[in-house]
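A quick write-up on the structure given underneath.
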Amino acid sequence: NTIASSFDCLSTVLSGLHAYVAGRYAGAADDGWLLPENGARDGLAAGLAVAHREYERQFPAADDAPPRRVAIVVQPGERNQMDQRMLEHALQDAHGVAMSRVTLLDVAGARAALDEHSRALAFDGGAWEASVIYFRAGYSPAEYHSEAEWTARAALENSRAIKCPTVAYQLAGTKKVQQALAAPGVVERFASSSKVADELRTVFAGLYALEPGADGADEMVKAAISNPARFVLKPQ
């Protein structure tokens, strides 16, 4: 999954619950057995803060420039606000970096403006500038309901803000792109040597296309039907 780093905050709280239950009811405290601390929330906040500072290093603000903050891209009617709000608070409290919530339609609409010269992405009439785009939406094509969402994603990608993730990194997590990368001769383009490429291939799983006309598709379907325990069907 290369689209979102999520549930860090809820997992931090949940691990505290597990430690409490273990100590209170399982005798863990008496046995000296302790669950490790979970620093996922603080780690994610620290990572976003580093990205924010890197943006400010690359693009020093003028005296009259608007404040910079992290833009978290969320789904309309987001139900998982608590995890996201905890991150927002941790980022502000520990690092002094503000976070604002936007949707793809906000970016496509009047809330956002992309400067064609500097590629700075400003929001709310220039009230603030996005230093980091942190995606918690836009996971799949199903979230792009109209051309407006695609236009918004293009604006985000074309901006100078640091993206978490870029569209290239997001696509690298899809099975279709991984299948293309695993094709003979492709990974060699990115490896420093043929030896490194061969070592990488030792951890590759087989990836097979099933669309009509794909090379070897019929043979792989037959193999999967005859021995289904050896295969996993992925939707991407």
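The values are calculated or read from the model by the stated rules, or taken from the named source; none is laboratory data. Keep in mind it's a predicted model, so treat the numbers as computed, not measured. So basically every Cβ, Gly included, is an ideal-geometry build from the backbone, and we count neighbours across all protein chains shown. Accessible surface areas use protein heavy atoms only, side chains included; no ligands, DNA or RNA. Shrake-Rupley method; radii C 1.70, N 1.55, O 1.52, S 1.80 Å.
Things to note:
- Computed helical MRE - 222 nm, the chain, DSSP H runs ≥ 4 contributing -39500 (n - 2.57), nearest 500: -13000 deg cm²/dmol
- Fraction of beta bridges assigned by DSSP in the chain that are antiparallel (%, nearest 5): 30 percent
- Within the stretch 79-119, backbone nitrogen closer than 18 Å to the virtual label 7 Å beyond the Cα of A46 toward Cβ: 87-97
- Exposure rule at most 12 other beta-carbon atoms within 10 Å, DSSP loop chymotrypsin sites (Phe, Trp or Tyr not before Pro): the chain longest free segment: 34-189
- Where labels lie 7 Å past Cα in the beta-carbon direction, separation of A26 and I225 in nm: 4.6 nm
- Farthest toward positive dipole pole in the stretch 1-125 [+1 Lys/Arg, -1 Asp/Glu at C-beta], among G77, A49, L121: G77
- For the chain, the Cβ-based charge dipole about the Cα centre amounts to some 340 debye (Lys, Arg positive; Asp, Glu negative; other atoms uncharged).
- The label point for D215 and the one for A172, both projected 7 Å from the Cα toward the Cβ, are 2.5 nm apart.
- On a per residue basis, the chain carries 61 Å² of accessible surface, using protein heavy atoms and a 1.4 Å probe.
- Residues whose amide H lies under 5 Å from that of W128, counting only those 5 or more places away or on a different chain, are F123; hydrogens are built 1.01 Å from N in the peptide plane.
- Among the protein heavy atoms of the chain, carbon and sulfur supply 57% of the accessible surface, probe 1.4 Å, non-protein parts ignored.
- Comparing A205, A45, A94 in a Gaussian network model of the chain, where Cα atoms under 10 Å apart are tied by springs, the biggest mean-square fluctuation is seen for A205.
- Normalised size of the stretch 103-236, defined as Cα radius of gyration per 2.2 N^0.38 Å with N residues, equals 1.42.
- Residue (of Q92, P141, A155) at the positive-pole extreme of the stretch 26-160, dipole from beta-carbon charges: A155
- Values of log10 I(q)/I(0), in the order q = 0.22 Å⁻¹, for the stretch 87-177 under a Debye, Cα-only, solvent-free model: -1.19
- Phi angles of the stretch 212-222 translate, via the Karplus equation with coefficients 6.51, -1.76, 1.60 and θ = phi - 60°, into HN-Hα couplings of x, x, 5, 4, x, 4, 4, 5, 5, 4, 4 Hz per residue; Gly and Pro are given as x.
- Value in Å of the Kirkwood radius, where the stretch 156-226 supplies the Cα pairs that are averaged: 14.6 Å
- Overall form of the chain per C-alpha gyration tensor (a/c, 1.5; a/b vs b/c): oblate
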